[in-house]
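Shown next, in structure tokens, is the structure this report addresses.
The values are calculated or read from the model by the stated rules, or taken from the named source; none is laboratory data. The model shown is predicted, which means the values in this text are computed figures rather than measured ones. As a convention, Cβ positions derive from the backbone with ideal geometry for all residues, glycine included, and neighbour counts pool all protein chains shown. Surface accessibility is based on the protein's heavy atoms, side chains included, excluding ligands, DNA and RNA. Shrake-Rupley method; radii C 1.70, N 1.55, O 1.52, S 1.80 Å.
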Amino acid sequence: MKKYNNTDSKYDIVVIIGCILIVIFLITTVNSCPASDWNNGICPNCEVRYELRGYSQGLSAYACPECGKEVRKY
């Protein structure tokens, strides 16, 4: 039987923290449109509110009714 020592528990904590950091990194970087494109839901070109065009697997597609610019958000 393998003895569980303090070094193993430190390694486990490092692995868990590393996984949490990777998940946070992926959530923040994978968001499909930058804040400047989203602009609180208003097209930066036309200053018209985006309209929801579709939703699939957690991804929402919005488009400007004036210029047709599309943005996608989780």
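Tabulated data for the structure shown
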item: Residue satisfying all of: in region 38-73; of a type outside the set (A, V, I, L, M, F, W, C) and open to solvent by less than 50 Å² (accessible area, probe 1.4 Å); farthest from the chain's Cα centre (by Cα) among these; result: 68
item: Strands (runs of 3 or more DSSP E) enclosed by region 23-74 - at least 3 residues per element that are without any contact (Cβ under 8 Å) to a residue 40 or more places away in the chain; result: 51-56, 59-63
